[in-house]
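Beneath this line is the structure, given in structure tokens, with notes to follow.
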Amino acid sequence: MKKYERLEIFKANLIKIVEREKGGFVVFEASPEKFVQFGGDKEFGLVCDIPLAELSKEEEKRLLTLKEFSKAEGSRDANSNDLIAYQTFYNEEEVNQAAGLTERIFVEVFGFPNTYNVVTKLNLNK
């Protein structure tokens, strides 16, 4: 799959989320173990959520070198307060930037070749 094809898939699905009042989420997978997920809605925009359990130590280091995650907020476990995911946020006008970040995570953080394929799992709340 070519980069422009993946970017179009990312954008089209992210737009579906931010156009909805009740929102939803999408998971982009390059393999069952490596994925990028977004949630959101029209009011709040998009949140890119990367679970810490998905990352090796090297991938975590590479993720934190991306400007979007260098000062990223994290999601913490309610009981232990342990960090469970890295998050970064986009408003509805920043869909192109969110799509570009998704591509960079797959290539720069996870190390997929520029020809990787992506599978999309979209869930729109009713």
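The residues of the range 75-107 that are touching a Gly at 6+ places or on another chain (Cβ under 7 Å) and closer than 18 Å to LYS42 by Cβ, listed by number, are PHE89, TYR90, ASN91, GLU92. Within the option set ALA99, ALA85, being closer than 20 Å to VAL27 by Cα, surrounded by 18 or more Cβ atoms within 10 Å (Cβ to Cβ) and at pLDDT 90 or above holds for one residue only, ALA99.
Can you tell me which residue within the range 1-48, out of those that are among the aromatic types (Phe, Trp, Tyr) and surrounded by fewer than 18 Cβ atoms within 10 Å (Cβ to Cβ), is farthest from ASN125 (Cα to Cα)?
Filtering the range 1-48 down to residues among the aromatic types (Phe, Trp, Tyr) leaves 4, 10, 25, 28, 35, 38, 44.
Now drop any that are not surrounded by fewer than 18 Cβ atoms within 10 Å (Cβ to Cβ), which leaves 4, 44.
Details: TYR4: 28, PHE44: 15 Å.
Restricting to residues being among the aromatic types (Phe, Trp, Tyr) and surrounded by fewer than 18 Cβ atoms within 10 Å (Cβ to Cβ), the top hit is TYR4.
Being under 18 Å from ASN114 (Cα atoms) and hydrophobic (A, V, I, L, M, F, W, C) is the filter here; which residues of the range 1-51 pass it? Of everything in the range 1-51, those that are under 18 Å from ASN114 (Cα atoms) and hydrophobic (A, V, I, L, M, F, W, C) turn out to be MET1, LEU7, ILE9, PHE10, PHE28, ALA30, PHE35, VAL36. Would you call GLU103 charged (D, E, K, R) and under 12 Å from the mean Cα position of the chain (by Cα)? Yes: the conditions hold for GLU103. Pairing each residue of the range 87-114 that is under 18 Å from PRO51 (Cα atoms) with any residue that is among the small types (Gly, Ala, Ser) and in a helix (DSSP H, G or I), provided the two are 6+ apart or on different chains, yields C-beta distances under 6 Å for TYR90/ALA98. Of all the criteria given as (1) touching a strand residue (DSSP E or B) at 6+ places or on another chain (Cβ under 7 Å); (2) closer than 18 Å to TYR4 by Cα, the one not satisfied by THR115 is (1).
The values are calculated or read from the model by the stated rules, or taken from the named source; none is laboratory data. Please read all numbers here as calculations on a predicted model, not as lab measurements. Here the Cβ is made from the backbone with ideal geometry for all residues, glycine too, and neighbour counts use every protein chain on show.
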